[in-house]
Amino acid sequence: MHARHVLSIAVASLLLAACATKPSREAAFELDGDASVFLPGVVSSEYSEIRAAVSPDGASVLWGSTNRPGGAGGWDIWMSQRRDGAWSAPVAVAFDTPANEFDPAFAADGRSVYFFSNRAGGYGGDDLWQAAFDPATATFGTPVNLGAGVNSAGDEWAPTPSADGRTLLFATNGRGGAGRHDLFTSTWRDGAWQAAVPLAGEVNGPGDDFDAAWLDDGRVLVFARSDDVENAAIALWSAVRDGDRYVRAQRLDARVDVDGGWILGPSVDPAHPGILLFSGERAGGQGRADIHSIHYRVR
């Protein structure tokens, strides 16, 4: 073989090796523009609305309310559907009970809904459940508890499934961790959710870290943080993925967070990429807690 050809192969091999070992660039997350009220008069109202979930086809939206009348009792999950270009009047979902149902989230395929409830039949406190959903008829199946790999004797909140459906992100105060509520993940394997593990990185601290959403296929995490969720202010923070860790945690600016207020319940609108939904009381809102939306960019 010609010496020059051998040298060219060697150089190419070195370049390929360098590319293979070069670390991936961390994402950069930034808000774009100002926040606005999400579906005023339909979702956002004089009552309290927290954590909207938009179906992948954009035809259904779910959210939790602590005080909207007409539900089964306790905290209820409500639904509106887009029909002929207009959103229907909200109705309580069929799986609501006199107990609490809250924090809805659609699976990426739109065929099921995750939520938390303190209904009978769980492991204690608020447990995570899943109900089948038929997008054609907007009907739900019988809820199923997610099992001991996820649920504990404490509280589990804010289920967030990954795009491939094999990982579930949620918050719990029943599995130890760095503080009060921490962010954990569980993996679906062998027909069951496996024992949950803490989300790695700079996201779980001594207070409450909860209500998390994955943006841009998990390159960015937006989550709620409070020294004490029952008694102190709540703000949204972001972190970026570095390998299997989330780092560079920083509080969002005043376009989202309110000093001394409580902002929580982040989620994304899969029908409109680049939209972050969140909950809280802000100037110009409809009630105590509304759903708001704001554009974002991930670079």
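Per-residue counts of other Cβ atoms within 10 Å, averaged by peptide: what ranking do you get for 219-230, 75-86, highest first?
In descending order of packing, they fall as 219-230, 75-86.
Which of these, GLU49, GLU281, GLU202, has the largest mean-square fluctuation under a Gaussian network model of the chain (Cα springs below 10 Å)?
Highest fluctuation of the listed residues: GLU202.
Where does helix 3-21 land angle-wise versus the long Cα axis of the chain, in degrees 0 to 90, nearest 10?
For helix 3-21, the angle is close to 20 degrees.
What FRET efficiency do you get for THR97 and ALA148 if R0 is 25 Å and r is their Cβ-Cβ distance, rounded to the nearest 0.05? Walk me through the intermediate numbers first.
Values: r = 22 Å, r/R0 = 0.87.
The pair THR97/ALA148 has a calculated efficiency of 0.70.
Among GLY121, GLY274, GLY177, which one shows the highest mean-square fluctuation when the chain is modelled as a Gaussian network with alpha-carbon springs under 10 Å?
Most flexible of the set in this elastic network: GLY121.
As a test, work out the antiparallel percent of DSSP beta bridges whose residues both lie in the chain, rounded to the nearest 5.
Bridges in the chain are about 95 percent antiparallel.
Got a sec? Which residues in the range 268-290 would a label at ALA254 touch, if it sits 7 Å along Cα→Cβ and we count backbone N under 14 Å?
Taking a point 7 Å out along Cα→Cβ of ALA254, the residues of the range 268-290 whose backbone N falls under 14 Å are 283.
For the range 25-298, what Kirkwood radius comes out of the mean inverse Cα-Cα distance, in Å?
That comes to 18.4 Å for the range 25-298.
Using Cβ contacts closer than 10 Å as the measure, can you line up THR172, THR142 from fewest to most?
By the 10 Å Cβ count, ascending: THR142, THR172.
Report the gain in length on full extension from ASP244 to ALA163: 0.36 nm times residue separation, minus Cα-Cα distance, nm rounded to one decimal.
The span from ASP244 to ALA163 would gain 27.5 nm if fully extended.
Who wins for biggest fluctuation among GLY285, GLY265, GLY141 in a Gaussian network model of the chain, springs between alpha carbons below 10 Å?
GLY141
I'd like the FRET efficiency for VAL37 and ASP109, computed as 1/(1 + (r/R0)^6) with the beta carbon distance as r and R0 of 25 Å, rounded to 0.05.
With R0 = 25 Å, the Cβ-Cβ based efficiency is 0.30.
Starting from the 7 Å offset along Cα-to-Cβ, what nm value, one decimal, do you get for the label separation of ALA86 and ASN67?
Output for this residue pair reads 2.9 nm.
Using 1/(1 + (r/R0)^6) with R0 = 25 angstrom and r between the beta carbons of ARG297 and ALA195, what's the FRET efficiency to the nearest 0.05?
Given R0 = 25 Å and the Cβ-Cβ separation, E is 0.10.
What value, in deg cm²/dmol to 500, does the helix sum -39500 (n - 2.57) over DSSP H runs of n ≥ 4 give at 222 nm once divided by the residues of the chain?
Only helices count here, giving -2000 deg cm²/dmol.
Every read-out reported here was derived from the displayed coordinates using simple, explicitly stated rules and does not represent laboratory data. All of these numbers come straight from a predicted model, not from anything done at the bench. As a convention, Cβ positions derive from the backbone with ideal geometry for all residues, glycine included, and neighbour counts pool all protein chains shown.
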